[in-house]
Every structure is written in structure tokens, then in C-alpha cells.
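Written out below as C-alpha cells is the structure these notes cover.
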Amino acid sequence: MSASAFLNALKAEGLRVVEVGDWRDHNRNHKGPWGPVHGVMIHHTVTRGSARTVELCRTGYAGLPGPLCHGVITKDGRVHLVGYGRANHAGLGDDDVLRAVIAERSLPADNEQNTDGNRHFYGFECENLGDGDDPWPAAQLEAIERAAAAVCRRHGWNERSVIGHLEWQPGKVDPRGFTMASMRTRIRDRLK
């Protein structure tokens, strides 16, 4: 889908969207292809403060240039668009997980890092410390649900096309503080 279709899908799902700078053309496409895209990946940022979080996800940091996702979902439930195209969010993950996402079936355990996830997933970074104590406000959880559902609806995918980073790459824990099973149930119900 085009950047405009992405924006329109998010707005049609009832999200408050903030367009940040040149997000439509801000990407890492010069480092490799983006697509075919098969799913949505959810992350937490390990940061505090919406403005700082959005800026970090837009520009990146030493060793990992931005964008670090397509949209940043802040605690107030807004989605800040920071990039479109290839983004440094998924890294290498398990090809068996990718096949399960494509087939929309239960996920196997992630035990390999042999497939470029930046190519195949939309990424949403969610403002949270990821320590298990930092709360997930209702508005933020609803925005995660709506953002993932918007992309799924536009592509004709079901909730099994949405995964957490922890389900893709061994050793990752994000998102921490809610389960992806519970979020997929919410997305499934929204898509009905």
C-alpha cells in the first residue's frame, strides 16, 4: 500500500495520527528491499516521554539509524508516523515464524535469526519502559489494536498477521506488560 493509503487506513480506523516531518519518504530502502510485506510487528521503546520517544524512533541512534518503525504509539493513544518503507525495527528473525504469519496459523517458537524482518513487517513502536511495571494506558492499548487492525483490514489479513518482536527474534522481550495473545483477540474482535 502507498504511504497515503497507510495514513488513510489508520484514520479510517479512528486513530489520531500525527505526521512527523518527511515520514512518507523517510526509510532505509537504500539498504535493501521493503516487501513483500506480510504482517505487523509490535514493540516497546524502553523510553519515557513522548517527544523524546518519537524523535528517537524517527532519527535512530549511533549504530542503528532511523526510522526505527513506521509509527510510534504514545501513551495518549496517538500514532506518530515517522517513516514509510524499510525501517530498522525487526532485524533478523525466524523464517518458520514468517511462514506461519503468511499462512495465518499458530506461531512456532522463534529459534533462529535467518530472515530479514525489516523487509516483511510494518512496525509500531509503543512508548513504554518495558520493565513490566510501566503502565499501558487504555488509550494506548486501544491505539495498538486499532493500528494493527487498520493494516490488517487494508491487506485482508486476520489477527494472526500481527506479532510481537518477542515472537520473531530469540532473546527479545517486547512488548512486555501485555500478551500478544490478548492483543490478537482484541484485533480479531475489531476486524469482525
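The values are calculated or read from the model by the stated rules, or taken from the named source; none is laboratory data. Remember, it's a predicted structure, so these values are computed and weren't measured experimentally. Backbone-built Cβ (ideal geometry, glycine too); neighbour counts: all protein chains shown. Ligands, DNA and RNA are excluded from the accessible area calculation, which covers all protein heavy atoms including side chains. Shrake-Rupley method; radii C 1.70, N 1.55, O 1.52, S 1.80 Å.
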At a 1.4 Å probe radius, carbon and sulfur cover how many percent of the accessible area of the range 31-73? 60 percent
Estimated Rh, the range 85-192: Kirkwood, alpha-carbon pairs, angstrom: 14.2 Å
Pairwise FRET efficiency - residue 16 versus residue 114, Cβ, R0 = 45 Å, nearest 0.05: 0.75
Please compute the length gained on full extension between residue 59 and residue 154, using 0.36 nm multiplied by the number of residues separating them and subtracting their Cα-Cα distance. 31.4 nm
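Please work out how much length the chain gains when fully extended from residue 104 to residue 76, using 0.36 nm per residue of separation minus the C-alpha to C-alpha distance, in nm with one decimal.
On the way: separation 28, 0.36 × 28 = 10.08 nm, distance 3.05 nm.
Stretched out fully, the residue 104 to residue 76 stretch lengthens by 7.0 nm.
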Here the FRET efficiency for residue 4 versus residue 133, based on Cβ atoms and R0 = 45 Å and rounded to 0.05, is 0.70
Rank these residues by their accessible area, most exposed first, probe 1.4 Å: 161, 2. 2, 161
Taking the C-alpha atoms of the range 39-91, how large are the radius of gyration and the largest Cα-Cα span, Dmax, in Å? 10.3, 29
With charges only on Cβ, +1 for K and R and -1 for D and E, what is the dipole size of the range 128-192 about its Cα centre, in debye, rounded to 20? 500 debye
The range 114-146-the range 55-75 distance, computed between alpha-carbon centres (Å): 12 Å
Any idea of the accessible area per residue across the range 27-110, 1.4 Å probe, to the nearest Å²? 39 Å²
Summed over the other residues with a beta carbon less than 9 angstrom from that of residue 166, with K and R at +1 and D and E at -1, the charge totals -1
Hey, what did the range 1-112 get for relative contact order, percent, Cα under 8 Å, at least 6 apart? 30 percent
Positive-pole candidate from 74, 3, 135, dipole of the range 1-136, charges at beta carbon: 3
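Quick one: net charge of residue 25's neighbours, Cβ under 13 Å, K/R +1, D/E -1? List each step's numbers first, then the result.
Numbers: positive: 24, 28, 58, 86; negative: 19, 22.
Every neighbour counted, the sum reads +2.
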With no solvent and one equal point scatterer per Cα, compute the Debye intensity ratio I(q)/I(0) for the range 61-143 at 0.14, 0.23, 0.24 Å⁻¹ and report its log10, rounded to two decimals. -0.61, -1.12, -1.13
Among residues other than residue 83 whose Cβ falls under 12 Å from its Cβ, what is the net charge (Lys/Arg +1, Asp/Glu -1)? 0
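Counting only protein chains, not ligands or nucleic acids, how are 141, 64 ordered by accessible area (probe 1.4 Å), most first?
Numbers: 141 30, 64 50 Å².
Largest to smallest exposure gives the sequence 64, 141.
Counting only C-alpha contacts under 8 Å and six or more residues apart, can you give the relative contact order of the chain as a whole percent? Walk me through the numbers before you get to the answer.
Working: 418 pairs, mean separation 54.2, N = 192.
Taking the mean separation of contacting Cα pairs over the length of the chain, I get 28 percent.
Which value does Rg/Rh take for the range 129-192 over its C-alpha atoms, Rh per Kirkwood? Write out the running numbers ahead of the final one.
On the way: Rg = 12.0 Å, Rh = 12.3 Å.
Reported Rg/Rh, Kirkwood definition of Rh: 0.98.
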In debye to the nearest 20, how big a dipole does the chain give about its Cα centre with +1 on each Lys and Arg Cβ and -1 on each Asp and Glu Cβ? 560 debye
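With the convex hull built on the Cα atoms of the range 1-109, state its orientation-averaged projected area in nm². Kindly include the intermediate steps, with their values, before the conclusion.
On the way: hull surface 31.3 nm².
For the Cα atoms of the range 1-109, the hull's average projected area reads 7.8 nm².
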